[in-house]
Amino acid sequence: MDHPDPHQLLDAALEQAQKSLAEGGIPIGSVLATADGEIVARGHNRRVQDGDTTAHAETVCIKAAGRRRDWHTLTLVSTLSPCAMCTGTAILHRIPRVIIGEHTTFMGREDWMQQESVEIEVLHDQRCIDLMTKFIADRPDLWNEDIGVPPEAG
């Protein structure tokens, strides 16, 4: 099966991450694409902006895609390894392929995706690593809130 260029798709997801950061949010972005590379939805983390703990980049992106019957043919792209909630959403929709910008700063539930036979490609993109490393250093309180670490444990 042919796949779209993962680096071009990651560029689009990274634009979404930068958008979230510019809005005062957490810099994680996501896109959803067809097998021929057409982006059908975009999303970025909106937890801070919307006061919604479920508004992670991937869930926002999937929600933006609306009602579809072709989930099983799409590729989900995220600048950061998807957490348990976002992984579960991708698995629920039977999305067969996930491209990840990086998992150095945070390792999500890639193990769960592998158990469900999701094709995973980690790009180890330095821009994504640098973006999250700086954000976590600058805003550890907000980062810990996003990933569910209690304040006293952070």
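Heavy-atom surface analysis with a 1.4 Å probe gives the chain a carbon and sulfur content of 50 percent of its accessible area. Classify the stretch 4-65 as rounded, prolate or oblate, taking a ≥ b ≥ c as the square roots of the eigenvalues of its Cα gyration tensor: rounded when a/c is under 1.5, otherwise prolate if a/b is larger than b/c and oblate if not. Here the stretch 4-65 falls in the oblate category.
The amide H of residue 122, built 1.01 Å from its N in the peptide plane, has 100 as neighbours under 5 Å, considering only residues 5 or more places off or on other chains. Sites listed here are GluC sites (Glu not before Pro) in the stretch 1-38 whose DSSP assignment is loop and whose Cβ has at most 16 other Cβ atoms within 10 Å: 23, 38. Note on the chain: GNM, Cα springs under 10 Å; of 29, 101, 37, the largest mean-square fluctuation is that of 37. Highest mobility in the GNM of the chain, judged by mean-square fluctuation with C-alpha springs under 10 Å and restricted to 139, 94, 47, is found for 139.
Accessible surface for the chain, divided over its residues, is 50 Å² per residue with a 1.4 Å probe.
Remark: accessible surface ordering of 83, 128 (largest first) is 83, 128, probe radius 1.4 Å. Please work out how much accessible surface residue 85 shows to a 1.4 Å probe, ignoring ligands, DNA and RNA, in Å² rounded to 10. For residue 85, the solvent-accessible surface is approximately 70 Å². Rounded to the nearest 5, the antiparallel percentage of DSSP beta bridges internal to the chain is 55%.
Projected onto planes of every orientation and averaged, the convex hull of the alpha-carbon atoms in the stretch 38-100 covers 4.1 nm². When the helices of the chain are scored as -39500 (n - 2.57) per DSSP H run of n ≥ 4 and the total is divided over every residue, the value at 222 nm lands at -12000 deg cm²/dmol.
The values are calculated or read from the model by the stated rules, or taken from the named source; none is laboratory data. The structure displayed is predicted, hence computed values, not measured ones. Positions of Cβ are backbone-derived with ideal geometry, glycine not excepted, and every protein chain shown enters the neighbour counts. With ligands, DNA and RNA removed, areas are computed over all heavy atoms of the protein, side chains included. Shrake-Rupley method; radii C 1.70, N 1.55, O 1.52, S 1.80 Å.
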